[in-house]
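J.: Before I ask anything, let me first share the structure, which is written out below as structure tokens.
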Amino acid sequence: MSELQLTSPKESLFNADLRQQIDTWVAKYPVGQSQSAVIPALHLLQDANDGWLSKPLMDALAVYLDMPFISVYEVATFYTMYELEPTGKNKISVCTNISCMLCGSEEIVDHLKMRLGIGFGETTADGQVTLKEVECLGACCGAPMLQLNRDYHEKLTVEKVDSLLDGLS
Ligand code: FES
């Protein structure tokens, strides 16, 4: 899908289905607190825009949720699950925080970089995989771990990583 078309955010923001989904989140909060829905709304927009958030999309969301543009940017740039540029078809987010580091994330990272031929923040030439370094993903008991698209993979070994990469389409 190409980037979502935006003209007049209040009237034609995104599409009816997206508006309905955003409104469902807005309705969970007190009247006048629509900005509380910014995190799930950013997820919805990102999913609907091939996995990334453009500035026009974030600006339109700010208008829709009646909040300053900068407040939307602050959320979108703080959390690593949001992408501000197009990514590969698959996204691998590797945790290198303390528990994962102590349990061998360095070896996992080295192997991923070697197999993919890219570094952190890069996408393979065929557009299949984007590799990211992220902070703790809350799965420390399964360290070392990574997130492949939406799924967590824990207690990683080089062999498990190979199996994951071989299974990518
Ligand atoms: S430190 Fe890696 S998931 Fe918590």
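No lab work stands behind these numbers, since they all come straight from the coordinates. All figures in this text were calculated on a predicted structure; none of them were measured in a lab. Don't worry about glycine lacking a Cβ; one is built from the backbone with ideal geometry, like all the others, and counts go over all protein chains shown.
J.: Taking only the alpha-carbon atoms of region 90-166, what semi-axes of the equivalent ellipsoid follow from 5 times the gyration tensor eigenvalues under a square root, in whole Å, largest first?
T.: On the way: eigenvalues 70, 29, 26 Å².
Semi-axis lengths for region 90-166 are 19, 12, 11 Å.
J.: Could you tell me the center-to-center distance, by alpha carbons, between region 102-127 and region 138-167 in angstrom?
T.: Comparing the Cα centres of region 102-127 and region 138-167, I get a distance of 12 Å.
J.: Check LYS132: other-chain or 5+ apart residues with amide H under 5 Å from its amide H, H built from backbone geometry?
T.: Amide H to amide H, under 5 Å and 5 or more residues apart or across chains, LYS132 pairs with ILE92, SER93, VAL94, GLY121.
J.: What percent antiparallel are the DSSP beta bridges of the chain, to the nearest 5?
T.: Numbers: 8 of 14 bridges.
DSSP beta bridges in the chain are roughly 55 percent antiparallel.
J.: Rounded to whole Å and sorted largest first, list the principal axis extents of the Cα atoms in region 9-78.
T.: Reported extents, whole Å, longest axis first: 29, 25, 19.
J.: Starting from the Cα of LEU168, step 7 Å along the direction of its Cβ; do the same at ILE70; then give the gap between the two resulting points in nm.
T.: Each label point lies 7 Å from its Cα, and together they span 3.8 nm.
J.: Separate question: Please give the direction-averaged projected area of the C-alpha convex hull for region 57-101, in square nanometres with one decimal.
T.: So the mean shadow area of the Cα hull is 4.4 nm².
J.: Next up: Determine, for SER169, SER99, the number of other Cβ atoms within 10 Å of each Cβ, and report the residues in order from fewest to most. Could you put the intermediate results ahead of the total?
T.: On the way: SER169 5, SER99 16.
Taking fewest neighbouring Cβ atoms as first place, the list is SER169, SER99.
J.: A further question on this structure: Report relative contact order for the chain in percent, whole number only (criteria: Cα-Cα under 8 Å, sequence separation at least 6). Show your work: numbers first, answer last.
T.: On the way: 237 pairs, mean separation 29.4, N = 169.
Computed over the chain, the figure is 17 percent.
J.: Would you mind working out the magnitude of the charge dipole of the chain relative to its Cα centre, with +1 at each Lys and Arg C-beta and -1 at each Asp and Glu C-beta, to the nearest 20 Debye? Walk me through the numbers before you get to the answer.
T.: Values: 12 positive and 23 negative charges, 57 e Å.
That gives a dipole near 280 debye.
J.: So what is the calculated 222 nm ellipticity per residue for the chain, using -39500 (n - 2.57) for each DSSP H run with n of 4 or more, over all residues, to the nearest 500 deg cm²/dmol? Spell out each step's value before the answer.
T.: Values: 8 runs with 72 residues, N = 169.
That calculation yields -12000 deg cm²/dmol at 222 nm.
J.: Quote the convex hull volume per residue of the chain, based on C-alpha atoms, as a whole number of Å³. Write out the running numbers ahead of the final one.
T.: Numbers: hull volume 20.9 nm³, N = 169.
Enclosed volume per residue, from the Cα hull, is 124 Å³.
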